[in-house]
Amino acid sequence: MMKILGSVMVLLLLVGFSGSTLACVGKTLKIGTTGSVQQEVLANIVSELISERTGTTVKVVPFKNSSEAHAALLKADIDMYVEYTGVGQVTILKDQPLTDATALYKAVKQRYNQELNLIWLKPFGFDAAASLGVALPAQAAPVVRKDTLKKFPALARLINKLGGKIDQRTIALLEKEAIAGKSKQVAHGFLKNNRLI
């Protein structure tokens, strides 16, 4: 009886283990970046978080601008990239600018979801209006394909752990450290310091 029970336990452990890792095996997630130091840092923070916590291979893919990255996202050439609410509203959706940050995020999130099958996750916690040179709120947040989130059910919850974790002072410090071209190391250090990996 004990032998049978032991065998069942081993089998359950093996099934549980394979079930938790199978979702990540054989699939490379691609994260777009639009070339600025800030974008490089944020893409690498998301990339390092995913690869460290799930074992999934993650590739950071460079683009010239948001429009290029957005087009690649729509074509499923990438799975996600970091966008700014003001840019999403005015440049991508060609909609009216909204000056209230919360209303803007809600409006962009709703239209992307309904019309584009793209999901806005939680904003990182800083506004990039000054660095982007725009006159409306520009909260940075990951935008992910809906089908990617279906393939990786735990992905949204994992990335959302970054929500509100990067304020104005933190992003400025991270950018300063990453200017030497070491975005990956800076991202790794940030995640370690915040006990996210």
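So which pairs qualify, if the first residue must be in the stretch 27-39 and at positive phi and of a type outside the set (S, T, N, Q), the second must be surrounded by fewer than 23 Cβ atoms within 10 Å (Cβ to Cβ) and at pLDDT below 95, the Cβ gap must be under 6 Å, and the two must be at least 6 apart or on different chains? No pair meets every condition.
Only one entry of Gly189, Gly163 meets the criterion of being at pLDDT 95 or above, of a type outside the set (A, V, I, L, M) and either surrounded by fewer than 14 Cβ atoms within 10 Å (Cβ to Cβ) or more than 26 Å from Gln89 (Cβ to Cβ) (or both), and that entry is Gly189. Scanning the stretch 127-139 turns up one or more residues that are within 21 Å of Ser47 (Cβ to Cβ), touching a Phe, Trp or Tyr at 6+ places or on another chain (Cβ under 7 Å) and free of Cβ contacts under 8 Å to residues at least 60 places away in the same chain.
Please determine whether any residue of the stretch 20-34 is hydrophobic (A, V, I, L, M, F, W, C), crowded, with 22+ Cβ neighbours inside 10 Å and modelled with pLDDT of 95 or more. Yes, the stretch 20-34 has at least one match. Ala135 meets the conditions (1) at pLDDT 95 or above; (2) among the hydrophobic types (A, V, I, L, M, F, W, C); (3) loosely packed, with under 14 Cβ neighbours inside 10 Å in every case but one. The failed one is (1). When Tyr105, Tyr81 are checked against the criterion of being buried (at least 23 other Cβ atoms within 10 Å of the Cβ) and touching a residue at least 12 places away in the same chain (Cβ under 8 Å), a single residue qualifies: Tyr81. What are the pairs, 6+ residues apart or on separate chains, where a residue within the stretch 42-57 that is under 25 Å from Gln168 (Cα atoms) has its Cβ under 9 Å from a residue that is assigned to a helix (DSSP H, G or I) and charged (D, E, K, R)? Note: pairs meeting the criteria are Asn44/Lys184; Ser47/Lys184; Glu48/Lys184; Leu49/Lys161. For the stretch 168-197, what are the residues that are free of Cβ contacts under 8 Å to residues at least 40 places away in the same chain, in a helix (DSSP H, G or I) and hydrophobic (A, V, I, L, M, F, W, C)? Ala172, Leu173, listed by residue number.
Pick from Tyr105, Tyr112: which is out of contact with any Asp or Glu (no Cβ under 7 Å at 6 or more places or on another chain) and over 26 Å from Leu191 (Cβ atoms)?
Details: Tyr105 fails: over 26 Å from Leu191 (Cβ atoms).
Selected residue: Tyr112, the only one of Tyr105, Tyr112 that is out of contact with any Asp or Glu (no Cβ under 7 Å at 6 or more places or on another chain) and over 26 Å from Leu191 (Cβ atoms).
The values are calculated or read from the model by the stated rules, or taken from the named source; none is laboratory data. Being a predicted model, the structure only gives us computed values, none of them experimental. No Cβ is skipped: glycine too gets one built from the backbone with ideal geometry, and neighbour counts run over all protein chains shown.
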